[in-house]
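First comes the structure, then the notes that go with it.
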Protein chains: 2
Amino acid sequence: MSKSEQSWFTEAHESSGSSIGFRTHARLHSEQTPFQSIEIYDSTDWGKLMVIDGCMMLTTRDNFFYHEMMSHPALFTHPRAKRVVIIGGGDCGTLREVLRHEVVESAVQVEIDERVTRLAEQYFPELCEANSDPRAQLLFDDGIKYMAECEPDSVDVVIVDSTDPVGPAEGLFNAAFYTSCFKALRSGGIFVQQSESPLAHLGLIKSMRSALRTAGFQAVRTLTFPQPCYPTGWWSATLARKGADLSGFRERGAQTKQFDTRYYNAEIHKAALSLPEFMREELGE
Amino acid sequence: MSKSEQSWFTEAHESSGSSIGFRTHARLHSEQTPFQSIEIYDSTDWGKLMVIDGCMMLTTRDNFFYHEMMSHPALFTHPRAKRVVIIGGGDCGTLREVLRHEVVESAVQVEIDERVTRLAEQYFPELCEANSDPRAQLLFDDGIKYMAECEPDSVDVVIVDSTDPVGPAEGLFNAAFYTSCFKALRSGGIFVQQSESPLAHLGLIKSMRSALRTAGFQAVRTLTFPQPCYPTGWWSATLARKGADLSGFRERGAQTKQFDTRYYNAEIHKAALSLPEFMREELGE
């Protein structure tokens, strides 16, 4: 391919005044679903890109940071996570990581937009390789409604793998939703939600943590990890636990895990929970 | 200011096919020095930007990650770092962090391009606030020559705070330079060098580590940290030690440090040295 056929997909993140771009060969797909616009690009160095409403969702090359850190810290903290619910997560990468844990008996993915999953199957087939696992259930429905109607004390881990807190995902970042999740979790159950950039969105992280405590969660902790394709290149997830603390994890289990990861390991688990000085000060840890 | 007066400074990183940009109000300065081109921009959200040969060097907002992680891990590992040499580091931010350590008796900064420091004094005065410390010496000279001529066994910590391994900094990434540094260090002395992105430049990190061992260093370790303004938003520094290991650090000293930091603390020190699975595999740790 000649250089002249190359262009760049660039996401300008208005609220932080910064942008991240990737060199592309071609836009492979573009559609407007009932919920959002979805585009797929082929890039020169990052594999495929999925872009929703102009925001970079994932690339083939760097999604492992996010998917591993959204799933393994929670699953290696819970002593025996049999039933897992994923809210959002339509690209199926989190579902794949969850199902690497043999202890999991059922994993329900509740994605509002079926088109995200259908496009992931087409353009990110490696993320969808666990979709046919008999333990997996793919629902295309409203995650807020699903959690509100969920049987109380029935779930061990809830993972909220959503877009930013605007548009369809807005209702996933408030005390009402957290209260539904709290009720659905068994005692000792763990909630984890992507919580944006520690540098650009610390106020959001702080308000999420406060709302999680209001909803009844006993312990709340935030972890950080690199994520090159997201604004500032640095991202976070916030964990909360019902009726138990978040001070330890199954370190031996993580050290002897029977599956491969690219980012996560037992040392990274501890490292991710080590907060920088400015976060400690702002979050009061 | 109206929106129409805003534009973006964007650095396209050709070898990784990705770009990072910042929204700017104005370009405040531009010059060609005998060594390189230097530009200063005023940004909407990141303070001032310094750009050398088209590459983002630092922003007011996020330089704390880099400057803290280039200095405090080495200085809290060495039991008593009296004499420190900084190669490059013309913006003086590393010098400032080094001089926060009361144990340091002398810190020599050897920057090849005096204009970098003069522009830092003008546009990043907060980074230059330790320049008048009586322990500080600012030389404008060739760092390779300085280290080659340095008195043997005279230095406790060498910090190589340079641009990328092309152009003026190319000679700072090879065994000949590392051998000079090894000779100049006292036994137990520590060498630390910025070592690019763990995701985009792992081959460089691997060859640096090999060259450091060839030069005689007994222990070599790489640490990582977020750095939003650099390619992939994730960066590394590689440490090496003469005649001693790098397995521990003065944890109690870091916990009770008498100065403020924004990123570094004792927990972050340990966390930064915890390598992701793909780095462990590639680097053989």
Please find, among A:S195, A:S187, A:S210, the residue that is of a type in the set (G, A, S) and touching a Gly at 6+ places or on another chain (Cβ under 6 Å).
A:S187
Matching residues in region A:1-54 - criterion: being in contact (Cβ under 8 Å) with a residue 40 or more places away in the chain, surrounded by 14 or more Cβ atoms within 10 Å (Cβ to Cβ) and within 14 Å of chain B (Cβ to nearest Cβ)
A:F9, A:E11, A:H13, A:S16, A:S18, A:I20, A:F22, A:W46, A:K48, A:L49
Please give the number of the condition A:I86 fails out of (1) under 26 Å from A:V220 (Cβ atoms); (2) touching an Asp or Glu at 6+ places or on another chain (Cβ under 8 Å); (3) within 13 Å of chain B (Cβ to nearest Cβ); (4) among the aliphatic types (A, V, I, L, M).
(3)
Considering only residues that are surrounded by fewer than 21 Cβ atoms within 10 Å (Cβ to Cβ) and outside any loop (DSSP other than H, G, I, E, B), which ones fall in region B:156-167?
B:G167
Residue count, region B:142-155, condition closer than 30 Å to B:E14 by Cα and surrounded by fewer than 19 Cβ atoms within 10 Å (Cβ to Cβ), comes to 1
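Here is a yes/no grid of residues against (1) in contact with an Asp or Glu (Cβ under 8 Å, 6 or more places away or on another chain); (2) more than 7 Å from chain B (Cβ to nearest Cβ):
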position: A:T238; (1), (2): no, yes
position: A:R241; (1), (2): no, yes
position: A:S247; (1), (2): no, yes
position: A:E251; (1), (2): no, yes
position: A:Q258; (1), (2): yes, yes
position: A:Y264; (1), (2): yes, no
position: A:I268; (1), (2): yes, no
position: A:P276; (1), (2): no, no
position: A:L283; (1), (2): no, yes
Of the residues that make up region A:115-132, is at least one in contact (Cβ under 8 Å) with a residue 60 or more places away in the chain, surrounded by fewer than 21 Cβ atoms within 10 Å (Cβ to Cβ) and small (G, A, S)?
no
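The numbers here are math on the coordinates, done by the rules we state, and not lab data. Quick caveat: nothing in here was measured; it's all calculated off a predicted structure. For neighbour counting, all protein chains shown are included, and Cβ atoms are generated from backbone atoms with ideal geometry for every residue, glycine included.
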